[in-house]
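S.K.: Here it is, the structure in full.
The values are calculated or read from the model by the stated rules, or taken from the named source; none is laboratory data. It should be emphasised that the depicted structure is a prediction, and the values quoted were computed from it without experimental measurement. Backbone-built Cβ (ideal geometry, glycine too); neighbour counts: all protein chains shown.
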Amino acid sequence: MPNRFVFNPLRDQAVIDIGSNSVRLVIYRVEGRANAPVLNEKVLAGLGRGMPETGRLNADGVRRALEALRRFRLLVDAIGVQTIHAVATAAVRDASDGPDFINQIRSEAGFDVRIISGAEEGRLSALGVLAGAPGAGGVAGDLGGSSLELVTLSPEGPGKAESWQLGPLAMGVGDVFDTRDVRQRIDNILTRSDVLAAGKGTELHAVGGAWRAIAKIDMITRHYPLQVLHNYAMSRAEALTICDFVAGQSKRSLERIDGSIGKRADTLPYAATLMRALLDHGQFDSVVISSHGLREGILFEALSPEERAQDPLVAGAIAMLGSDPRMREFGEALFWWVMPVFEDLPRLFPARRGEVLRAAACMLADIGATLHPDDRARIAFEIVLRAPYPAASHIERVFLARVCARRYGAKLDEIEPNLVKRLLDEERLVRADALGAAIRLGADLSGRSAKILTQTRLNHRDGKLTLSTNPAMKGLFAEQALKRLDQLGQILKTPVATLVE
């Protein structure tokens, strides 16, 4: 097995994304394959508004964008960000005055902005999707203000890319439009898509704020218990239902459902109509929401080959620990220590995913070290459940959160029982409890010391769960450790034993 535990230097990088509708600055804390936004600002400048008629950038949008970019320059300079990636997409590349605007930015804000083509935009967005969901297949669809990028996905990377003028600004639609006419215009374009023709039976990975807002409405109307949009999955039937629902709502009705929608309410009926068309033309089996897209693709492309090869979930768990080397050393030792107990159990996750989840859980073993004991299990559960690591499904998030809660002694139904039971089946629930109990045993036995833990063994011998050590360390087998061993044995329904050899 390749070494999963790579400890990377910490650095800040900024991405400035100048789109048709918004201008955004995101500063990321990057640690190898892991990245987390520490500052995220956007201005809905509307650079592409009116462009289909004029061929030029919206004058008020230019003013607002330059104002935002001057502010962004002050922020990145004050924070000390050395690496800045600045890109402009559909509106700027298509406008007759786009080059003049880029020169203005350089003069007034000091950013060298790269205008990227539609194909490049699609490729980078697809890279972002794959960074957030390694192994993803199907098609990535990134809806911006002016354009829709469609890219085939495979575990090896992005494939064929297409860019279509199907954004709401390019189509000239608002919250009220002739649905039949607009759908016909969409269909006339999508029938030319080779990417969609290859989508049957696969997943549509949806990127973009409008589609995230539709998914949020789906969560609300279905009373979905985990309000995390990244990797939120809808079956084909669920996606068709919510698209038809949103497409038929007024702006005011949508705002009543979700007050945080704001200005996006104007474009949601159109975005829903477009998603419905993609489902019809591509015959996708499901829709998966990706919070990762162009910006994360830019970060991924800047990584070294060694960093790209890291597992993003484990890297994210390591990054959450901060800079304390003892916590990291203990987590790595713990992974190898629990492996003999779990590697022979029935596989509950695809391929080697169970191993990745154990590695992440062990790196998070000390996540509650500084929390108050009375609230430690509950807070650890919430931190792990909603952490900014990318590559975890909702089931995996709940699994890891349950592991950490049990590691800190949470009772069976003490924390979010409805959420846990809705997303975890009984086998995964028991496995999470067992892994949490094993981590708790290792932590209490060793005092969270990797040096001590590596002088003990936990494995199955002669039908018993056996904890063993050498004579010099037999004093470790005190009352607390034996109690934790018994608890793990009860969960695994296995007799326990200790051995000094």
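S.K.: Ala126 - would you say it is within 31 Å of the chain's Cα centre (by Cα) and among the aliphatic types (A, V, I, L, M)?
M.R.: Considered against the rule, which asks whether it is within 31 Å of the chain's Cα centre (by Cα) and among the aliphatic types (A, V, I, L, M), Ala126 comes out as yes.
S.K.: Determine which member of the set Val341, Val398, Val356, Val384 is within 14 Å of Arg4 (Cβ to Cβ) and assigned by the TED database to the domain that holds Leu458.
M.R.: Step by step, each of Val341, Val398, Val356, Val384 is checked, and only Val356 is within 14 Å of Arg4 (Cβ to Cβ) and assigned by the TED database to the domain that holds Leu458.
S.K.: So how many residues does region 77-122 have that are in contact with a strand residue (DSSP E or B) (Cβ under 9 Å, 6 or more places away or on another chain), under 21 Å from Pro52 (Cβ atoms) and polar (S, T, N, Q)?
M.R.: Going through region 77-122 one residue at a time, the tally reaches 2.
S.K.: Could you look through region 247-264, keep only residues that are assigned to a helix (DSSP H, G or I) and touching a Ser or Thr at 6+ places or on another chain (Cβ under 9 Å), and pick out the one that is surrounded by the fewest Cβ atoms within 10 Å (Cβ to Cβ)?
M.R.: Looking at the filtered set, the residue picked out is Ile257.
S.K.: Right, another one. For Gly475, state whether it is in a helix (DSSP H, G or I) and exposed (fewer than 15 other Cβ atoms within 10 Å of the Cβ).
M.R.: Judged against the criteria, Gly475 is a match.
S.K.: Mind listing whichever residues of region 83-97 are closer than 20 Å to Leu294 by Cα and touching a helix residue (DSSP H, G or I) at 6+ places or on another chain (Cβ under 9 Å)?
M.R.: Ile84, His85, Ala86, Val87, Ala88, Thr89, Ala90, Ala91, Val92, Arg93, Asp94
S.K.: I'd like to know if region 326-345 contains one or more residues that are out of contact with any Gly (no Cβ under 7 Å at 6 or more places or on another chain), surrounded by fewer than 19 Cβ atoms within 10 Å (Cβ to Cβ) and closer than 22 Å to Gly132 by Cβ.
M.R.: Checking region 326-345: not a single residue is out of contact with any Gly (no Cβ under 7 Å at 6 or more places or on another chain), surrounded by fewer than 19 Cβ atoms within 10 Å (Cβ to Cβ) and closer than 22 Å to Gly132 by Cβ.
S.K.: Quick check on my filter: what residues within region 481-491 are over 35 Å from the mean Cα position of the chain (by Cα) and closer than 13 Å to Gly409 by Cα?
M.R.: Selection gives Lys483 alone.
S.K.: For residues that are outside any helix (DSSP H, G or I) and under 30 Å from Arg295 (Cβ atoms), scanning just region 390-444, find the one that is modelled with the lowest pLDDT.
M.R.: For region 390-444, the residue satisfying everything is Pro390.
S.K.: Pick out, from region 2-45, the strands (runs of 3 or more DSSP E) lying fully within it that include 3 or more residues that are modelled with pLDDT under 90, within 17 Å of the chain's Cα centre (by Cα) and closer than 14 Å to Tyr389 by Cβ.
M.R.: Once the strands (runs of 3 or more DSSP E) in region 2-45 are filtered for at least 3 residues that are modelled with pLDDT under 90, within 17 Å of the chain's Cα centre (by Cα) and closer than 14 Å to Tyr389 by Cβ, nothing remains.
S.K.: Let me ask something additional. How many of the residues in region 160-204 are in a strand (DSSP E or B) and among the hydroxyl-bearing types (Ser, Thr, Tyr)?
M.R.: Of the residues in region 160-204, 1 are in a strand (DSSP E or B) and among the hydroxyl-bearing types (Ser, Thr, Tyr).
S.K.: Another question, if that's okay. Only one of these conditions is not met by Phe177: (1) surrounded by 18 or more Cβ atoms within 10 Å (Cβ to Cβ); (2) over 25 Å from the mean Cα position of the chain (by Cα). Which number is it?
M.R.: Against the list (1) surrounded by 18 or more Cβ atoms within 10 Å (Cβ to Cβ); (2) over 25 Å from the mean Cα position of the chain (by Cα), Phe177 comes up short only on (1).
S.K.: What helices (runs of 4 or more DSSP H) completely inside region 274-367 contain at least 2 residues that are of a type in the set (A, V, I, L, M) and closer than 30 Å to Leu190 by Cα?
M.R.: Those helices (runs of 4 or more DSSP H) span 294-301.
S.K.: Further question on the same structure: Got at least one residue in region 100-119 being among the charged types (D, E, K, R) and either crowded, with 20+ Cβ neighbours inside 10 Å or under 22 Å from Pro388 (Cα atoms) (or both)?
M.R.: Checking region 100-119: not a single residue is among the charged types (D, E, K, R) and either crowded, with 20+ Cβ neighbours inside 10 Å or under 22 Å from Pro388 (Cα atoms) (or both).
S.K.: Helices (runs of 4 or more DSSP H) wholly in region 74-159 with at least 1 residues that are within 17 Å of Ala302 (Cβ to Cβ) and at pLDDT 95 or above - which ones?
M.R.: 118-132
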